Amino acid sequence: MVSMSLVSVKPSPLQPQLPSLRGGVIRRIRCGIAEPSGEPAPLGQKTRYKDGIFEKAFMSLFARKMEKYADPAGGGKGTAKKGWWDWGYDYESFVDVSRRVMQRRSRIQQQQVVREVLLSMLPPGAPAQFRKLFPPTKWAAEFNAALTVPFFDWLVGPSEVVEVEVNGVKQKSGVHIKKCRYLENSGCVGMCVNMCKIPTQDFFTNEFGLPLTMTPNFEDMSCDMVYGQAPPTFEDDPVSKQPCYEDICSMAKSSSIVCPKLQA
């Protein structure tokens, strides 16, 4: 497996300076780890989470948006038709929908679906407004890093703001994800890259105008996000040569040196 690093990241967390966002709403939308230690389970063990109504609402919202692009012939939990007010999507069924979106689509097509889903969740003109509010400055990068920790906790699990160096400048625009929930539950390199890393990077960089680089570590399932850091091209990114999780991915091919979903 390959451990990748594009920027220097310090391990000590720094508290995000967002006093106006420290209220109960933030606390309520953050998922809870059900492990006795309060930390993600060691590699090789699946972390147990205790999701509340807000976490399930986010899972259901994203899953419903993705469902129309999903292959109906999947047989997983997410295939059952659910009503708008049915919060029946748990994390497992959310991941199942993602897996069915991948089926019969090329790498580029998978990424395009995620882009369409993200755009569908925003009001008209939102990307242009984002560019006005958050031009690519140090402050904008740090502000978005601070927002990522609470608002994406349900998707990726616990994370923390860390200090990074971008273009020779030290700033608090890094987010260290301790053990990515999406990668842990999918067990799929292709899903990590095509359904999360690449489309998220592209969306922030090209739609919002705020560069973002995501560097997954496939050895321990952690990930480092750096706002303000321009991502490499796919061909120059080490993930383009990443092998499958042969022992845990249902779509893995033992004869393939590189994950087949990264070649399509």
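The values are calculated or read from the model by the stated rules, or taken from the named source; none is laboratory data. All of these numbers come straight from a predicted model, not from anything done at the bench. As a convention, Cβ positions derive from the backbone with ideal geometry for all residues, glycine included, and neighbour counts pool all protein chains shown. We work out accessible area using only protein heavy atoms, side chains counted, and drop any ligands, DNA or RNA first. Shrake-Rupley method; radii C 1.70, N 1.55, O 1.52, S 1.80 Å.
Using a Förster distance of 35 Å, how high is the FRET efficiency between K241 and A34, based on the Cβ-Cβ distance and rounded to 0.05?
0.50
Taking a probe of 1.4 Å, how large is the accessible area per residue of the stretch 84-229, in Å²?
38 Å²
How large, in percent, is the carbon and sulfur part of the accessible surface of the stretch 83-221 at a probe radius of 1.4 Å?
57 percent
Using 1/(1 + (r/R0)^6) with R0 = 30 angstrom and r between the beta carbons of K138 and D220, what's the FRET efficiency to the nearest 0.05?
Calculated transfer efficiency: 0.55.
Could the peptides 125-138, 192-205 be put in order, highest first, of the mean number of other beta-carbon atoms found within 10 Å of their residues?
Highest-to-lowest ranking by the protection proxy: 192-205, 125-138.
Of the cross-linked pairs K68/K197; K56/K132; K50/K132; K56/K241; K50/K138; K132/K241, which ones have a Cα-Cα span greater than 30 Å in the structure shown?
K56/K132; K50/K132; K56/K241; K50/K138; K132/K241
Just to confirm a number: summing +1 for Lys and Arg and -1 for Asp and Glu over residues other than Q201 whose beta-carbon lies under 12 angstrom from that of Q201, what do you get?
-1
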